[in-house]
1. Quick one: helix A:57-84 against the long Cα principal axis of chain A, what's the angle to the nearest 10°, folded into 0 to 90?
2. Expressed in whole Å with the largest first, what are the equivalent ellipsoid semi-axes of region C:103-227 derived from the C-alpha gyration tensor as the square root of 5 times each eigenvalue?
3. Going by C-beta contacts inside 10 Å, put A:ILE59, A:ILE39 in order with the fewest on the left.
4. So for C:TRP62, C:TRP108, A:TRP236, fewest C-beta neighbours within 10 Å to most, what's the order?
5. Run the simple label-point estimate for A:PHE205 and A:VAL168 please: 7 Å along Cα→C-beta, distance reported in nm.
6. Helix A:127-148 versus the longest principal axis of chain A: what is the Cα-based angle in degrees, 0 to 90, to the nearest 10?
7. Sorted from largest to smallest, which semi-axis lengths in Å does the alpha carbon gyration tensor of the protein assembly as shown give for its equivalent ellipsoid, taking the root of 5 times each eigenvalue?
8. On C-alpha positions alone, give me the angle between the axis of helix C:6-23 and the longest principal axis of chain C, in degrees, nearest 10.
Amino acid sequence: MAINWFKYSAPTTFYGLAGKLIPWFGISAAILFAVGLYIGFYVAPTDYQQGEFYRIIFIHVPSSIISMFLYLIMAGYAALGLIFNTRLSSMMATAIAPTGALFAFISLWTGALWGKPMWGAWWVWDARLTSELILLFLYLGYIALHASIDDPRRADRASALLAIVGSVNVPIIYFSVKWWNTLHQGSTIKFSGTSMHVAMQQAMFITLVACWLYAIAVILARVRSIILERERHTKWITELPEVKN
Amino acid sequence: MLEVSNLACSRGDHRLFSGLSFALHPGQIMQVQGENGSGKTSLLRTLCGFLMPDEGDILWNGSSVSELQEEYYAEMLYLGHLNAIKDELSGLENLRISAGMSGIELSEKDAIAALRRMGLKGRELLPTKVLSQGQRRRVALARLLVSDAKLWVLDEPLAALDVAAVALIEELIAEHLARQGMVIFTTHQPLQVAGMEMRTLTLTRAGSGSRGRPA
Amino acid sequence: MKKETMSGLFMLVIRRDLMLAMRRRADVLTTLIFFVMVVSLFPLGVGPEMDMLRKMAPGVLWVAALLSSMLSLGRLFSADHLDGTLEQMMLAPQSLSMLVLGKMVAHWMVSGLPLVLMAPVLGIQFDMSAEALGVLIIGLLLGTPILSMIGGIGAALTLGLRGGGVLLSLLVLPLCIPVLIFGTGAVEAVSTGLSVASHLSLLGALLVLALAFTPWVTAQALRISME
Amino acid sequence: MNGLDIWMRENPITYVLLGSYAVAFLIFAVEIAMVRHKRKITLQQVRLMRDAGDEE
């Protein structure tokens, strides 16, 4: 029974594997953050238009990118869980949502801090910031729906459907917001000049990787708790060393 | 013919039953027994496709119910705890609409005849909110009279009914079986169908691997 | 005995829901009154300067329509869920999506259409031009059915949950943003001299998309929620 | 221009570090703490369940 193997032992092996991987992801995230920020603050030159303020991008851009990708990955896992009834995928989707929401929040927060010196206002109705805000709403809706259904199976399936509908809607929303923005001649935060300094690019790339590693570490840690909670009736859980003592 | 093989069902963390197999042939009637919480209603709801079984298959005339979908639904009728009637509508409107939803266009004359046979003469046009519990149940059960479904799945059909209505339902079931229909039901009240062998399926509660076996 | 066809069943559901709505007229009226009140509150909140009100009108009317349709969405499936009719619908010998579409259409006729008819009266309060009013109505005609349909997904997902109403709005409102943007954009295009047709055709495209997918998605959501 | 604006322009690096990076890392720290707390709670619950199961 191939399906049974997939259904029942996948969380078992995954639990152990995730436990071994988390420290590696965590430590490399910390190191890369340090390296990326060192380059970003000491090596990269001051931008002649934006001064020092542009240095916010080393956290703003990675968190925007990650929050958007995490939503798609979450919807992908949710769809897998819904279609093939694989439990681990549903648990992964559940574990991704809070991290995605937090990255969306960081992106909004840092976007506002960048907007203030650039545009003189904390919040500008720029297409990207507005889309990010709607993305945060979508995450919050997913989390709220999942949290308000007691039966975990129904919660997984219902919120999976919502995530899929949301991800189909994301391009439509993005397009409509952009359209709305051009009509109203809104301001867009753009990087001055066409070429970014090499050190800026390096720093941004390194912090992006660091953010990804951090996100993976936290998501794996969260999914381990969810596995423990959902599988608490099974034998293998009671035989885990951390449960035994 | 309805065939169930190796069916397993659970609610939340709790396994209700597993390894359940039985077959129901035309003209047969089966009562599902078991204490509260043993999964009687869940079994019937699984047969309707509301619940996904953890394991096992439900076959209708040899094909899987989940593949047949609407084709299977056209040949079955389910009456649950809820009456599925609207307080604002009259018995007549309710019956015609619920028949319509099960795919039968019912004329007013036939609907009135059915309601009269259920003992609702003179109340056909009243909004059902003024009827008693038992009378509303009768409106819901009137669907049995106008349905051409082969398989009846009845969850506590006798609840709230008086002696006369129980006798009437017994008569309807006997007619249905005589037409080579099939009935699977649960009840807490005794139900006798004259001249029919009543098969029983007992769901026993146990921590794991509870088994139902047809007697 | 005559058999119901797919379109027969579709019409039956619409007829039934309209009949029920007629017997519970109060529900329909509350939604409409809510709409009128929300719209009338804005001038009180921002002041009576006609120039500003004229500029705000499409946005105010659209947001109010959005909120009023949220208000009535909770009832879309909940009554049928409580009295068991939904179970019977799922056992209908025709596709559940078709019945769901019927319910959505009926919901729109009861909660969306009255708003559309009421909108010109409110638009006059905001001193909108005749042309702008016309575009607003066409936009609402195209857009409010989408709200009912997207809302249907949310209503099905939150079926029987505690705090369902607020949760429903939380889930559905972000998904309705494109409708809001194109609906108000069309009216603004009148005053700025931009192409109205492009906005309206985008709304039309959204309507077609919603018609194609939301009934099926809602049917799946109902199956999930009924388990 | 109010005080904050002037301060911001005089100390751009501090503004960026405190406003963005400190907040972001604080959020990360809170998230890590939440995840750890959740693991602790879940382990406790699982042990409780197991102990209750043993007694039966």
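1. 30 degrees
2. In descending order the semi-axes read 30, 15, 12 Å.
3. A:ILE39, A:ILE59
4. In order of increasing Cβ crowding within 10 Å: A:TRP236, C:TRP108, C:TRP62.
5. 3.8 nm
6. It is inclined by approximately 20 degrees.
7. 53, 38, 18
8. Roughly 70 degrees between the two axes.
Read-outs: derived from the displayed coordinates by stated rules, not from any lab. Since we're looking at a predicted model, the values are computed, not measured. Because the Cβ atoms are built from the backbone with ideal geometry, glycine has one as well, and the counts that use them run over all protein chains shown.
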